[in-house]
Amino acid sequence: MIGRCLGLGALGVVACLSLPGCFSNNRHQGARLYAEACAGCHGDAGQGLGRLIPPLAGADYLALHRAELPCLLRRGVHGPMTVNGVLYNQVMPAARVDDKQLSPARLTNLLNYIENNWGNHAAPRTIQEVERQLTACPNVGE
Amino acid sequence: MSIRFWLAPALAAALLTACSGPSADQAARLPILGERDVRPNPNGGPADTIFATAPAFKAVDQAGKPVTNQTLAGRAYITDFFFATCPGICPKMNGALLSVFKPYATDPRVAFVSFTIDPAHDSLAVLDDYAQRLGVTNAARWHFVTTGHSATARDTVYGLAKGFFTAAQPDKEAPGGFAHNGTFALVDDQGHIRGLYDSLDANEVARLQKELPVLLAEIAERHPQATAAQ
């Protein structure tokens, strides 16, 4: 009896330990990608850095250039850029994690995270939408 | 076994001797980093210990003013190495240094010095623009400096980076074309390096924020009159 209880208990422990592995961890993928690829410069809360690095929190640029953002993340950007009326002029490298460019699915999760945090609100993007916008992006190699 | 038995008390005694004197009962001191040189005393007394000092440098800041070790003598200062177009770790590094700087923005006891490792691009105008964009308006408080325009300026600053225990070198693979790490060095009023901190680690930045006042208290002890005058 005791043995069976122990056995069931052990089974329960094994199940508890292995279950999270069965679920996709993509729910927080956007936040994780942001922390790895973006937060170093744009800040933990999208606050930016002085007039060197533009903020993402409350940035008018996100809505004004919505369709261009997948390409901007994929390729990086440099040169003058106005965000909330402030002129920035820095180099932003392409968003990469583990030295790999981000897939359309990852870009979608990342953009949905950025566009719906820190006071930002935007319609959720779909992977198809992001894929379509990437095809308009010159010289994108998968 | 017996050697080990002996070693601990001997070491403790040596440490106690080193710390005894007027400051024996003072709060913990920051270590002096770098190789030290022990010179025998020709008169037969205890040997002199010569502590390492930060490398000598001559640079010009964003206001066009010269900055050397002498400019900073008598004060604490913190160094880092960056370049204005750096898309890699610099924003995070200088963002972290900005958080250390803010409470001391008008405090003459400590200065901040950021050396560009890309002197060919980072002219005084570029450095000034960078400082203004970061929110640093007083060049005398936080110097963004260049080692100049000569052909050897870059080698000079790489050598300095090494002397301040950080690393900088050109690297085509690195973001922006330069590889460097983001070590802050804390230097005391006598030019000794007293702490090194990884700017990319929030705990290390917090340690710098905790240790800077410890060093300032030590410097104040050495210059009681200067402190009274403030």
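No other residue among B:Gly182, B:Gly191 is within 14 Å of chain A (Cβ to nearest Cβ) and surrounded by 15 or more Cβ atoms within 10 Å (Cβ to Cβ) apart from B:Gly182.
Restricting segment B:119-150 to residues that are among the β-branched types (Val, Ile, Thr) and more than 15 Å from B:Val60 (Cβ to Cβ), which is nearest to the chain's Cα centre (by Cα)?
Of all residues in segment B:119-150, those among the β-branched types (Val, Ile, Thr) come to B:126, B:136-137, B:145-147.
Now drop any that are not more than 15 Å from B:Val60 (Cβ to Cβ), which leaves B:136-137.
Numbers: B:Val136: 19, B:Thr137: 21 Å.
Of everything passing the filter in segment B:119-150, B:Val136 is nearest to the chain's Cα centre (by Cα).
Taking the criterion of being free of Cβ contacts under 8 Å to residues at least 40 places away in the same chain and more than 9 Å from every other protein chain (Cβ to nearest Cβ), the residues of segment A:49-67 that qualify are A:Pro54, A:Pro55, A:Asp60, A:Tyr61, A:Leu64, A:His65. Of all residue pairs spaced 6 or more apart or on separate chains, those with beta-carbon atoms under 9 Å, a first member in segment A:96-109 that is closer than 18 Å to A:Val77 by Cα and a second member that is among the hydrophobic types (A, V, I, L, M, F, W, C) and outside any helix (DSSP H, G or I) are A:Arg96/A:Leu102; A:Gln101/A:Ala94; A:Gln101/A:Ala95; A:Gln101/A:Val140; A:Leu102/A:Ala94; A:Leu102/A:Ala95; A:Leu107/A:Ala95. When B:Ile89, B:Ile78 are screened for being of a type in the set (A, V, I, L, M), surrounded by 14 or more Cβ atoms within 10 Å (Cβ to Cβ) and within 13 Å of chain A (Cβ to nearest Cβ), only B:Ile89 passes.
Residues of segment B:166-179 that are free of Cβ contacts under 8 Å to residues at least 24 places away in the same chain and either crowded, with 17+ Cβ neighbours inside 10 Å or hydrophobic (A, V, I, L, M, F, W, C) (or both): B:Ala167, B:Ala179.
The residues in segment B:166-183 that are assigned to a loop (DSSP other than H, G, I, E, B) and of a type in the set (Gly, Ala, Ser) can be counted, and the count is 3. Within segment A:66-88, the set of residues being in a loop (DSSP other than H, G, I, E, B) and surrounded by 14 or more Cβ atoms within 10 Å (Cβ to Cβ) comprises just one member, A:Gly76.
Taking segment B:119-145 as the region of interest, how many residues are assigned to a loop (DSSP other than H, G, I, E, B) and more than 12 Å from chain A (Cβ to nearest Cβ)? Spell out how you get there, then give the answer.
Within segment B:119-145, the subset assigned to a loop (DSSP other than H, G, I, E, B) is B:119-123, B:135-141.
Now drop any that are not more than 12 Å from chain A (Cβ to nearest Cβ), which leaves B:119-120, B:122-123, B:138-141.
The qualifying residues number 8.
The residues of segment B:194-214 that are more than 13 Å from the chain's Cα centre (by Cα), more than 14 Å from chain A (Cβ to nearest Cβ) and touching a residue at least 60 places away in the same chain (Cβ under 8 Å), listed by number, are B:Gln209, B:Val214.
Condition first: over 25 Å from B:Asp129 (Cα atoms), modelled with pLDDT of 95 or more, assigned to a loop (DSSP other than H, G, I, E, B) and touching a helix residue (DSSP H, G or I) at 6+ places or on another chain (Cβ under 6 Å). Can you find one or more residues in segment A:127-137 that meet it? No, that holds for no residue.
Go over the candidates B:Ala153, B:Ala185 one by one and state the one that is of a type outside the set (S, T, N, Q) and more than 16 Å from the chain's Cα centre (by Cα). Show your work before the answer.
Values: B:Ala185 fails: more than 16 Å from the chain's Cα centre (by Cα).
After applying the criteria, what remains is B:Ala153.
The values are calculated or read from the model by the stated rules, or taken from the named source; none is laboratory data. Source: prediction; values computed, not measured. Cβ sites come from the backbone with ideal geometry, for glycine too, and all protein chains shown count toward neighbours.
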